[in-house]
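**Student:** The structure that follows is given in the form of structure tokens.
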């Protein structure tokens, strides 16, 4: 622990710009405000395979006449933290994890929450500079960051009527990393979010969105209805967060043809294959894709002892010897 604290102190003493490479990603959801109103946005680290011992960064609005940062709060894991305001609305953030609050393998880690104040109409982006993150061993984590998009409107928009019956839709997000992503929709999308139109703003670099079925490769158009428990290949030139509204409802079982299939599971928590694929006795191999490294992970064999887990937001290749069915699992 003493070595770890010394490393973090030395880390905070050095302020320099680093070159960001593909790996962990800091995400910020888009925010819409009215002039004169306030709101918040959180900085979310998508994954921490080797934990976090601390970080430092500078955050700012690229258009303070539209929106400015007025305060910063930190999550409970940040035992020591500070947010120092500077010139031009720039905040210098520092946080240290003294109690192993973020352990190896953690995901969707809140680094800080920014309080925002909207002024004039227009658009602004929250930018991150001088980013340094240390893992539990004192090694530097290679991470890249997205820019948080803030829109300040006129305030004259007509509010969307609340539903008169049934549970309100919930919001989740699909996080895409630079390069190819093999994703899955593990829930039932709400009306307006059930087609590939939700990916319209992804900078695809000329690559098509694809899936695979018993007929072969299928190119996905924007009107294509997204099916839960189906793997989709999506390419993006920059990290991006796709908001998705979901609803309660019945998800149909996924039919598998003999041979290789692109599939996924249901729910929002990771599961072991034996728990996620109940009743499917015909599968023999399962292969997932790591979008961080842009490589396939080691294949999982059905009858082998394995510690692998399935991420509900990731699709996977699965080989079955004969027709089978994947049933929804909560």
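Condition check ((1) assigned to a loop (DSSP other than H, G, I, E, B); (2) at positive phi; (3) in contact (Cβ under 8 Å) with a residue 40 or more places away in the chain; (4) under 18 Å from the mean Cα position of the chain (by Cα)) across all residues:
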| position | (1), (2), (3), (4) |
| --- | --- |
| 69 | no, no, yes, no |
| 72 | no, no, yes, no |
| 82 | no, no, no, no |
| 100 | yes, yes, yes, no |
| 109 | no, no, yes, yes |
| 114 | no, no, yes, no |
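**Student:** Go through segment 208-238 and give me each residue that's farther than 27 Å from residue 330 by Cα and in contact with a strand residue (DSSP E or B) (Cβ under 7 Å, 6 or more places away or on another chain).
**Tutor:** If the condition is that a residue be farther than 27 Å from residue 330 by Cα and in contact with a strand residue (DSSP E or B) (Cβ under 7 Å, 6 or more places away or on another chain), then 208, 209, 217, 218, 219, 220, 222, 223, 235, 236 are the ones that fit.
**Student:** Among the residues of segment 293-316 satisfying the criterion of being touching a helix residue (DSSP H, G or I) at 6+ places or on another chain (Cβ under 8 Å) and buried (at least 20 other Cβ atoms within 10 Å of the Cβ), which is nearest to residue 330 (Cα to Cα)?
**Tutor:** In this case the residue turns out to be 310.
**Student:** Could I ask something else about it? Please tell me if residue 275 is outside any loop (DSSP other than H, G, I, E, B), in the same structural domain as residue 177 (by TED's automatic domain parsing) and under 23 Å from residue 217 (Cα atoms).
**Tutor:** So residue 275 does not fit the description; no.
**Student:** Take the residues in segment 52-67 that are touching a strand residue (DSSP E or B) at 6+ places or on another chain (Cβ under 7 Å) and in a loop (DSSP other than H, G, I, E, B), then tell me which one is surrounded by the fewest Cβ atoms within 10 Å (Cβ to Cβ).
**Tutor:** 62
**Student:** With the requirement that a residue be within 22 Å of residue 268 (Cβ to Cβ), assigned to a loop (DSSP other than H, G, I, E, B) and in contact with a helix residue (DSSP H, G or I) (Cβ under 9 Å, 6 or more places away or on another chain), what does segment 206-254 give you?
**Tutor:** 226
**Student:** Residue 128 versus (1) within 27 Å of residue 176 (Cβ to Cβ); (2) out of contact with any strand residue (DSSP E or B) (no Cβ under 8 Å at 6 or more places or on another chain): which is the lone unmet condition?
**Tutor:** Going through the list (1) within 27 Å of residue 176 (Cβ to Cβ); (2) out of contact with any strand residue (DSSP E or B) (no Cβ under 8 Å at 6 or more places or on another chain), residue 128 breaks only (2).
**Student:** Would you pick out the residues in segment 278-312 that are in contact with a strand residue (DSSP E or B) (Cβ under 6 Å, 6 or more places away or on another chain) and assigned to a loop (DSSP other than H, G, I, E, B)?
**Tutor:** 280, 282, 291, 294, 297, 299, 302, 306, 308
Listed here are the residues, each with its yes/no results for (1) modelled with pLDDT of 90 or more; (2) assigned by TED's automatic domain parsing to the domain that holds residue 192; (3) within 25 Å of residue 28 (Cα to Cα).
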position	(1), (2), (3)
243	no, yes, yes
263	yes, yes, no
269	no, yes, yes
301	no, yes, no
309	no, yes, no
319	yes, yes, no
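The values are calculated or read from the model by the stated rules, or taken from the named source; none is laboratory data. Because the structure is a prediction, the values reported are computed rather than measured. In this analysis, Cβ positions are derived from the backbone assuming ideal geometry, glycine residues included, and neighbour counts consider all displayed protein chains.
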